[in-house]
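Pasting a structure below so you can have a look.
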Amino acid sequence: METRDLGLFPLDLVLVPGERIPLHIFEPRYRQLYADCVLEDRPFVFVRAEEGVAAEIGCTARFEDLLQRAGDGRLNVVVRGVEAVRIVEETEGSLYFSAMCRTLPDDPGPVDVNLAQEVRTLFAELSRRVTGETRAITPEPDVPLSYAVAGAVELAAPIKQLLLESRDENARMLRVVRALQLALQAEDRADVAEGRAKTNGKVSH
């Protein structure tokens, strides 16, 4: 497993491989991180930090697009998650946080095709319920299905962190299935509440 000295970007959210998110960069140290990563064509590590405590597992990321650069140096960018890493030991010498990080490949083994199909079916149904259009999930090359779905729906940070920390794709898909089922149940409750509101709270038969 490869170990590299990489810059850290701690924030109270979780990025997973293949996911793209917009990011507003305003602190001088993170503007320096952006400059170093772009000039040296290297990734950095997006790591969840909650109440000042950073997780041990993060996700390497790359600055993919520069959307806007303000006159005062602030940046609006798009970053893309690449792979899970373990933060081994903090390092010094940079304006920003940095650490030795070890790549965490998935465990070898076959993917449960029936479980994968259930994930795809639930995602399609949730997309239909939320957007009115049935969308299929199409992972990018080398991006596991579990991460592709986690990056395409709204999941709580603790759930995404558990997915990031797991090296078993089948176990991750089981978590995703449960999360999608709960999201669909929430949509059901919302529909019932809306229907009752239209009838002044009275349930008709």
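So GLU140 ticks every box in (1) out of contact with any Gly (no Cβ under 7 Å at 6 or more places or on another chain); (2) more than 28 Å from PRO28 (Cα to Cα); (3) assigned to a loop (DSSP other than H, G, I, E, B) but one. Which box is left unticked?
GLU140 satisfies every listed condition except (1).
Check region 34-55 and report whether any residue there is under 24 Å from ARG172 (Cα atoms) and touching a Lys or Arg at 6+ places or on another chain (Cβ under 6 Å).
Checking region 34-55: at least one residue is under 24 Å from ARG172 (Cα atoms) and touching a Lys or Arg at 6+ places or on another chain (Cβ under 6 Å).
If you scan region 108-137, which residues turn out to be in a loop (DSSP other than H, G, I, E, B), loosely packed, with under 11 Cβ neighbours inside 10 Å and under 21 Å from the mean Cα position of the chain (by Cα)?
Matches in region 108-137: ALA136 only.
Could you list all residues from region 41-65 that are aliphatic (A, V, I, L, M) and without any contact (Cβ under 8 Å) to a residue 12 or more places away in the chain?
VAL53
Checking the condition among the hydroxyl-bearing types (Ser, Thr, Tyr), under 23 Å from ALA148 (Cα atoms) and in the same structural domain as LEU23 (by TED's automatic domain parsing), which residue from THR60, THR91 passes?
Testing whether each residue is among the hydroxyl-bearing types (Ser, Thr, Tyr), under 23 Å from ALA148 (Cα atoms) and in the same structural domain as LEU23 (by TED's automatic domain parsing) leaves just THR60.
For GLU154, state whether it is surrounded by fewer than 17 Cβ atoms within 10 Å (Cβ to Cβ) and modelled with pLDDT under 95.
So GLU154 fits the description; yes.
The values are calculated or read from the model by the stated rules, or taken from the named source; none is laboratory data. Remember, it's a predicted structure, so these values are computed and weren't measured experimentally. Backbone-built Cβ (ideal geometry, glycine too); neighbour counts: all protein chains shown.
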